[in-house]
Structures are given as structure tokens and as C-alpha cells.
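Notes follow once the structure below has been shown.
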Amino acid sequence: MLETGGSNRDLAGFELPDSGGLVETEDPARPWVLLDACGVVVEPVGEFFAELQACGRPPSTLRSYGMDLLRWWRFLAGWGLSWNRITRVDARDFARWMQVAPKPVRLHWRHRSSGRLGSPPVRPTSDPNPVTGRSAPGSMYSVRTRVHAETVLRSFYDFHLDTGCGPIINPFPAGRNRRGPAAGRRSQGGRYRPSIPARMPRRIPDRRFNELFAALRHHRDRALLAFWVSNGARAEELLTSRQRDPLPGEQLLGVLRKGTRAYQQLPSSPDAFVWLRLYQEEAWRAGVQCDPAAGLWWTLRRPYRPLSYHAARAMLNRANTLLGANWTLHDLRHTAAYRMARDPQLALTDVQWVLGHAHLSTTQIYVNPRELHPMGEKPQVAWSRREAEGLRRLCELAA
């Protein structure tokens with residue numbers, strides 16, 4: 001039964017302890033483990049990760065879930081609570097805390113000291129960026145972060161409720177019954193799940209993209225942006241390509257799709273392969289291994305390592321600093337989607353296949369008329385008729 005009344009906790013002044021951590025391992029059976037304040041593996045989370053892995057979830061999903069569970073474990077440690085003895089009041093307080101408390105500021109590892117993380121100072125509301133029109137991340141937890149945390153914790157306690165190891169009721173309950181004609185049907189999501197405001201994906205206007213491209217200093221970075229903006233691959237998908245995957249003669253590049261890990265060849269622009277070849281010749285002369293099975297993208301300094309998502313994002317942030325912008329890697333995917341979806345020579349189903357959307361309704365948001373003129377610019381057809389016809393044929397051959 002749900003406890004009545006509320007708690008007297010000072011949620012606004014609560015400081016999240018900097019205890020425990022989420023650690024990546026070299027064990028493929030346990031790619032991520034959660035450690036408590038004593039450095040001991042949290043077995044309930046390990047069992048939940050094993051269940052997710054058995055259901056086919058990739059290691060990136062385990063990491064994403066683990067970050068929310070780490071925040072929850074720190075919240076429990078701060079109030080001296082046990083994970084399997086909490087109530088719905090505790091879960092409700094956690095949802096309230098994420099609404100009213102500022103995000104902890106994590107110092108750079110060179111300057112970090114042991115102890116608790118203090119709450120950051122109150123930051124003024126940031127104005128929209130003059131270049132992109134996007135506001136910088138605020139000091140509070142975003143709605144999407146809170147939604148993801150609620151979903152993860154509800155799934156975590158659902159799993160342990162089935163195994164009989166957790167509380168007798170899920171502290172993160174499902175939504176209340178709907179009213180009206182559909183009475184008796186459960187609502188989608190949980191009771192403490194906030195509503196997500198609708199927003200349109202943001203693309204990079206052609207003039208701004210040219211400025212961004214000109215701010216890059218290396219052939220590798222130019223090749224990456226040319227592929228991202230032409231084939232619409234997700235940032236982490238493009239980084240999975242091997243040296244055997246580019247096919248310049250057919251203008252195809254093979255990637256592993258996020259989630260399904262399916263291999264798919266994506267049509268890409270000729271310019272992207274030109275920049276790729278310039279980068280490869282430069283990298284091979286510098287000592288990067290030339291092996292068809294090796295990764296396609298590498299760091300630029302010794303010791304050479306496969307390029308990670310965070311390193312690619314740092315590359316874009318350096319260009320943003322020069323321009324005074326705050327573009328993201330995902331904006332490049334939105335840009336490619338907008339260009340392809342608005343081309344009259346391309347069927348929307350072809351665009352869906354290239355982008356890897358499971359549902360056509362996801363692709364349709366890129367033809368919404370409300371975003372035809374971002375940043376005051378007129379829409380332009382990004383593909384010539386000849387390129388569009390070539391892309392259509394490539395889609396038919398790949399299918």
C-alpha cells in the first residue's frame with residue numbers, strides 16, 4: 001500500500017555524494033559493472049545488466065542504464081537507504097529532487113578531490129546561441145534525463161519484483177488508469193514520468209555548415225563531417241566502419257546500426273570519399289595500421305587508438321569554439337535527413353531506409369512545414385536530380 005503523507009527531507013539542499021562509480025571492464029559477459037562506495041560490485045545491478053544482455057541490449061544501453069542507476073545508488077547512500085527496502089515516498093522524493101536540485105558539477109580528474117560534490121552555483125538563464133539559436137544546457141536536470149531515469153528505475157524494480165529479491169511493490173509505479181472511454185487501460189509510462197515537450201529536430205543551414213566545415217583543420221575531420229551530412233548515419237554508427245567498408249566506386253559505406261547491430265551500406269557523397277582518401281594516405285604515412293579488418297577512424301596523435309565518440313565530439317567542439325556556435329554531432333544527422341526528405345526525387349520510404357528508422361512516422365517529422373526556414377534561410381534542394389536518381393538506384397540494389 002502506498003504510504004500517505006510526505007517526507008520532511010530538504011531536497012533542494014541535498015548534495016549528491018560522489019561515491020561509487022560505473023566501470024567498464026574487458027569481460028564481454030560483464031561489459032559494465034556498478035561499484036558502491038566501498039568499491040564492491042553491486043550485484044542487484046549486475047543481475048539486471050545480465051537480464052538486459054540476455055535480451056539483446058548492446059553495451060551502450062548497459063552504460064546508459066548504469067548512469068541512472070549510479071545516480072539512484074548515490075541518492076540512496078546520501079539518505080542511508082537500502083535499495084530493497086525503499087517505499088514509494090522515497091521514489092517520489094527522488095523524482096522531486098531531480099526537478100528542484102541543480103546538477104552536480106564534476107571537476108576535471110586532474111583537480112578532483114575526495115569527498116562530496118557540492119551543488120554548483122546558481123547560473124543565470126543562458127540566452128540562445130546567436131549562431132545556432134539553441135540554448136546551452138541548463139543547471140537543472142532536463143526533462144528527458146528525468147524521463148529516462150524513471151523508465152530505468154521502474155524496469156529495474158520490475159525485474160527484481162519478478163525474481164522476488166526487491167520490495168513487495170514497485171516503488172516506481174506505472175501510470176494511473178486512464179479516464180473516459182478507455183477506462184481500465186493502463187497509461188503509457190510511469191506515474192512519476194514527466195511529459196516530454198514536443199520539439200522539432202534542428203538542422204544546420206547550408207551557409208552555417210560551410211562555415212563549420214571551413215573551421216576544421218584535418219582531413220579526417222572533413223571526411224567525418226562529409227559522411228555524417230550525406231548518409232545520415234548516427235555519430236557512433238559511422239565510427240564502427242572498418243577499412244574494408246568504404247566502396248568509392250559504388251559510393252557506399254558500411255556501418256553497424258545502433259541497437260540491432262545490423263550491417264548496412266549507406267550511399268554517401270563523392271566528396272566524402274575524396275576527403276577519406278586524403279585522410280587515409282596521411283594516416284598510413286604517419287604509422288596507422290593498414291588492415292582491412294582494422295578500424296577506419298583513428299586518433300591523430302600517438303599512440304594511435306580507434307576514434308571514440310567523445311573524441312569526435314571534442315573535434316566538433318573545437319570548431320564550435322572558433323565559430324561561437326554549439327552545434328552537435330546529431331545536428332548533422334538531422335541536416336542529412338532534412339535534405340533527403342525534402343528532395344522531390346526521393347521517396348520517403350527510401351529516406352527511411354537510409355536513416356534506419358523503424359517507423360515511417362519518425363521520418364515524416366523532417367517534412368514538417370514549421371521548420372522550412374531555420375535561421376531565416378530559404379530551403380534548398382540538397383541533391384541534384386542526377387544524384388537523387390543515383391541514390392534511388394543504390395537503395396533498390398541494397399534492398
Could you report the accessible area of Thr362 in Å², rounded to 10, computed with a 1.4 Å probe on the protein chains as they sit in the structure? 60 Å²
Added length on full extension, which subtracts the Cα-Cα distance from 0.36 nm per residue, Arg244 to Met140: 33.0 nm
Given H placed 1.01 Å from N in the peptide plane, which residues other than close sequence neighbours of Gly254 have an amide H under 5 Å from its amide H? Leu247, Leu266
Give me the number: length gained by fully extending Gln289 to Glu15, i.e. 0.36 nm times residue separation minus the C-alpha to C-alpha distance, one decimal in nm. 93.9 nm
Using unit Cβ charges (K, R positive; D, E negative) and no other charged atoms, how large, in debye to the nearest 20, is the dipole of segment 226-358 about its Cα centre? 460 debye
Spelling it out for Asn326: with amide H atoms placed in the peptide plane at 1.01 Å from N, the residues 5 or more places away or on another chain with amide H under 5 Å from its amide H are Thr132
What is the spin-label model distance, in nm, from Phe213 to Gln364 if the labels are put 7 Å beyond Cα along the C-beta direction? 3.2 nm
Just by accessible area at a 1.4 angstrom probe, what is the order of Arg88, Arg74 from largest to smallest? Arg88, Arg74
Under-5 Å amide H pairs with Trp32, H placed in peptide plane, nonlocal only: Thr25
Cα centroid separation - segment 259-308 against segment 58-90, whole Å: 38 Å
How much accessible area does Trp97 have with a 1.4 Å probe, in Å² rounded to the nearest 10? 0 Å²
Estimated distance in nm for a label pair at Ala347 and Ser195, the labels positioned 7 Å out from Cα along Cα-to-Cβ: 3.8 nm
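If each residue of separation counts as 0.36 nm, what is the full-extension length gain between Ala54 and Tyr304 once their alpha-carbon separation is subtracted?
86.6 nm
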Ranked by accessible surface with a 1.4 Å probe, highest first, in what order do Trp72, Trp275 come? Trp275, Trp72
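The values are calculated or read from the model by the stated rules, or taken from the named source; none is laboratory data. Just so we're clear, the structure is a prediction, and the values are computed from it rather than from any experiment. For neighbour counting, all protein chains shown are included, and Cβ atoms are generated from backbone atoms with ideal geometry for every residue, glycine included. With ligands, DNA and RNA removed, areas are computed over all heavy atoms of the protein, side chains included. Shrake-Rupley method; radii C 1.70, N 1.55, O 1.52, S 1.80 Å.
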